[in-house]
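The structure appears right after this line, and notes come after that.
FYI, it's all coordinate maths here, none of it is from the lab. What you are looking at is a predicted structure, and each value in this text was computed from that prediction instead of being measured. Cβ placement follows ideal geometry from the backbone for every residue including glycine, while neighbour counts extend to all protein chains displayed.
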Amino acid sequence: MTGLSAIELEDVVKEYLSHGEVVQAVKGVTLDIAEGEFFSLLGPSGCGKTTTMRMVAGFEQPTKGLVRLHGQDVTNVPPNKRDINMVFQSYALFPHMSVWDNVAFGLKQKKTPADEIRRRVGEMLEIVDLTGREKRRPREMSGGQQQRVALARALVNRPRALLLDEPLGALDLKLRQAMQIELKRIQREVGITFVYVTHDQSEALTMSDRIAVMNDGLVEQLAGPREIYERPASAFVAGFIGTSNLLTGTAAGGVLKVGGGRVLVPGHDGEVTVTVRPEKITIGTEEPAPERSGVRGTVAEVVYLGTYNSYAVNLADGADGADGTVITVFQQNAHDATATAERGDSVWLSWQTQHSY
Ligand code: ATP
């Protein structure tokens, strides 16, 4: 990352008129995406990711706000005059053309000299690992290979930014995971800004430098993957990203009494929601030391998952009615693979205060 802005959105709003009613798809989004960054827009269906992306590409005009690319206001500039390209889930390859011709198409249109086309297409096919498959037609290739052709075609023009809208959505899980790593490698190699739209949190966490988590037309949190995972800014983000354990209640004097124990929330009083990640929790039989947060419960289920176990623990009835709350705990397995606790065991769950938010 150079620190220069590639894409800036300033308080962008998009309204649609639907059956005589105004629908706000995007309610005021401000983003500053750095040059060379792998940036993801992550959120559930309908949260406004695609609309946001389409305004960056120029397929949609914002109702309000500004779009800047590399410092220039492009709010009213048509898509073909913006130095960016877009890759779709459907690949949109030309079926009757070979891989080579698909990738060379844009350069030919721009009347690029033949030897330059040869060099650039060759280079690009090497980057996406398709050298030797130049003569194939799209239908003779796997989904992952077709996706790489689409990528090569979008990158061969050397756009300053590439927008990708759920590009791996049509692939099965294994291929998807392999392509996530490939995409990240390709992005690093070409050094182009990638903006990636996905509703898949693990995909966003795996690939991104930074993630904007969107909900209902707004950005709820904008941060790096680790921070989003470990310090979710809201209950929505915590719930959307991975497994999170939510504990709610009324805190007094920085202590939330819940689940037959207490959660330390220094500096907080009144209504609080606390989240703690499954892998930060320790299972034990003894009441934890006073500086740790601890709750009591009964092991409802143990699932063996190879190197670790997943425990579902029903919390004991607490002063704040935490009964019915199930806490998930991941615990690394010892070498002899014996479980820390069995189904039906009465246990204490504890964690360091810094691990609850
Ligand atoms: P998905 O993952 O399902 O594509 P998304 O997060 O990309 O969802 P958008 O496609 O941006 O969401 O849509 C955001 C909201 O705007 C939705 O409620 C959608 O119904 C509405 N919307 C999008 N396009 C239009 C349109 N052309 N006319 C009316 N409403 C629209």
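Values computed for the structure shown
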item	result
Total formal charge among the other residues, if their Cβ is under 12 angstrom from that of residue 29, Lys/Arg +1 and Asp/Glu -1	-2
Dipole magnitude (debye, nearest 20) for the chain, charges at Cβ of Lys, Arg, Asp, Glu	1720
Given charges at beta-carbon only (K, R positive; D, E negative), |dipole| of the range 1-103 in Debye	220
Share, in percent, of DSSP beta bridges within the chain that are antiparallel, nearest 5	75
Relative contact order (percent, whole number), the range 245-355, Cα cutoff 8 Å, 6+ residue spacing	32
Residue among 278, 310, 208 farthest towards the positive dipole end of the chain, charges placed on Cβ	208
Set of lysines with alpha-carbon distance to residue 257 below 30 Å, sequence-local pairs under 8 removed	280
Whole-number percent relative contact order across the chain, with pairs defined as alpha carbons under 8 Å at least 6 apart	15
Too-long pairs where the Cα-Cα distance tops 19 Å, listed order kept, from 14/49; 108/135; 27/64	none
Cα→Cβ-extended label distance, 7 Å offset, between residue 110 and residue 17, nm	3.8
Net length gained if the chain between residue 255 and residue 188 were fully extended (0.36 nm per residue, minus Cα distance)	19.5 nm
